[in-house]
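What follows is a single structure, written as C-alpha cells, with notes after it.
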Amino acid sequence: MNITHIFQSLGAIVFEMAPYILLGFLFAGLLNEFVKPRTMARHLSGRGLLPVVKAAALGVPLPLCSCGVLPTAVSLRRRGASRAASTSFLIATPQTGVDSIAATYSLLGLPFALIRPVAALFGAVAGGWAVGRFGGNEPAAGDAAGCSDDGCGDEAPQQPVSFPRRLLRAVSYGFVDMVGSVGGWLVVGLVVAALITVTVPDSFFTALSDNRLLAMLAVVVVAVPMYVCATGSIPIAMSLMMKGLSPGIAFVMLMAGPAANFASVMILSRTNGRRATAIYIASVVITAIGFGLVIDCLLPASWFVLPASAAGACHAVASAGWFPMACGLLLIMLLAYSLIVQRLIRRRHNHKIVNEMNKDYRIKGMNCPHCSATVERTIRGLEGVEDVSVDLAKGVAHVRGTVNEAALVCAVELAGFSVE
C-alpha cells in the first residue's frame, strides 16, 4: 500500500470539493436560522398530495444527515404535519442538500448535480403518497410523536434576537455545527474514496459491471450498514466510476447510503409503524435503482463523463489553484476544530458548569453533534437561561439559570427530543 499516493489522492479530492462544500455550509446555516420547523409545519398539515410535495421540496435543499433529520421530522409531526408529509420530508432531506449538490457538481459534474435532487424529490413524493395511501390509519400528530398534551402545543417563549446576531448564528451553525455534524462522515467518505482509488485494482469491479442490476443491489447492501452522509458519499461514487463501474451504479451509492441506514429504520419503525417504514425503505431503494437504470440505459453516456479536474484529481495536488487550496486548508481547519478542538473545549466547559450547576436534564433522542447543537440552541434561547452545555455522550443537558422547567421541557420536545 503506497501511503504517499493515498494522501495525494485524499488531498486532491479535498481541494476539489472544498469551495463548493464551504458554500453549501454557508447556505445550510442561513436555511437553519431563517426557515423554522413551525413555519414548515404550517405548510405540511392536512391530507392530500400537496403537503407531501411541499415536504419534499422543503427537504431537498436542507443539509441534514439521516440522524439529524429525525428530530426535525418529529418536531414537524408535533406541530401538525401529516405522517405522509413527514415521511416525504424524511426521504428527501438526507439524500441531498445545498452542500451535497454543490459538492456533487464539483466532483461528478452538472448532470449528476441536477438529477440527484430530482430523484430525491420524486422518491420523496412517491414514498409520502404511498404512506398516506397504504400506511394504515393516521394517528394524531402528538400521539405519533410521543408528545404529551401538557402545554407542549404552544411555542415556548424565546428571547428576541437582532438580525446581525441571527446572521452570526447562521454562520456559526454552518461552519461549526454543520461541520461537526457531517464532518466525521465526510472524512470517512474521503478516506474510503482514496483507499478505493489507490489500492483496489480495476479488475476487481469487472464482474460487477457485467450485471448492472446485481451490482446496484450489491451497492445497496453495502451502503446501508456503511452509512455516509450525502456529501461523504460523493467521493466514494467518484472512485467507483474511476474503477470502471457505470454512472448508474455510482448514483445508487449517492442515494441509498445517506437515506436508508439501520438507525433511521429502527426509529421510524417505532414512530411511524412497520408498514410505513417498509414503504419508506422501498421508495428509497426503488428510486435509487430506477434512476440508476435510467442513467445507464436511457441517457447519453457523454453526460456522465467525470470532469477533467476530478478524473485527474488523484494524480496532482500541486496543480490546484490558490483558491481551491485556500478553501481546502480552511475546510481542514474547520474539521479539526469541530471534531477535535471543540470537543475538548466542550468537555472542559461541561466539567466547569457541572461544578456550578443548578440542574441537569437527561435528553433522549440525541444521535449526533447536530442533535446536541439543536438542543443546546433551543435551551439557550429560553428566558432565564444563563448558560447551557450538552454532553452528547452522556445525553445530559447542564443548565444554569432560573429557567421555567415546564417551558424547557416543552421547547426541547417541540425540537424533536424528550426530557427526563
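Where a number appears in this text, it was derived from the coordinates with a stated rule and is not lab data. Given the structure is predicted, the values throughout are model-derived calculations rather than measurements. Note that we place each Cβ from the backbone using ideal geometry, even for glycine, and neighbour counts take in every protein chain shown.
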- [ ] Rank by packing, highest mean first: peptides 5-13, 166-174, with packing defined as the count of other Cβ atoms within 10 Å averaged across residues.
- [x] 5-13, 166-174
Task: Extension gain, Arg362 back to Leu213 (0.36 nm per residue minus Cα-Cα distance, nm) - done: 49.0 nm
- [ ] Report ³J(HN,Hα) in whole Hz for each residue of the stretch 42-48, in order, from the Karplus equation J = 6.51 cos²θ - 1.76 cosθ + 1.60 where θ = phi - 60°; Gly and Pro get x.
- [x] 4, 8, 10, 8, x, 9, x
- [ ] Please turn the phi angles of the stretch 327-333 into ³J(HN,Hα) values with the Karplus equation 6.51 cos²θ - 1.76 cosθ + 1.60 (θ = phi - 60°), one per residue in order, whole Hz, x for glycine and proline.
- [x] 5, x, 5, 5, 4, 4, 5
Open item on the list: How far apart, in nanometres, would the label points at Leu110 and Val161 be if each is projected 7 angstrom from Cα along the Cα-to-Cβ direction?
Closed with: 3.7 nm
Open item on the list: So if each residue of separation counts as 0.36 nm, and I subtract the Cα-Cα distance between Val222 and Thr4, what length gain in nm does that give?
Closed with: 75.7 nm
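Given a Förster distance of 30 Å, report the FRET efficiency between Val294 and Arg47 from their Cβ-Cβ distance, rounded to the nearest 0.05. Could the numbers behind the result be given before it?
Numbers: r = 31 Å, r/R0 = 1.03.
So, using R0 = 30 Å, E works out to roughly 0.45.
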TODO: Subtracting the Cα-Cα distance from 0.36 nm times the residue separation, let me have the gained length for Val305 to Leu330 in nm, one decimal.
DONE: 6.1 nm
- [ ] Set the Förster distance to 22 Å, then compute FRET efficiency between Ile340 and Thr199 from the Cβ-Cβ distance, nearest 0.05.
- [x] 0.25
Task: Label-to-label distance, nm, for residues given as Ala406 and Leu168 (7 Å Cα→Cβ offset) - done: 3.4 nm
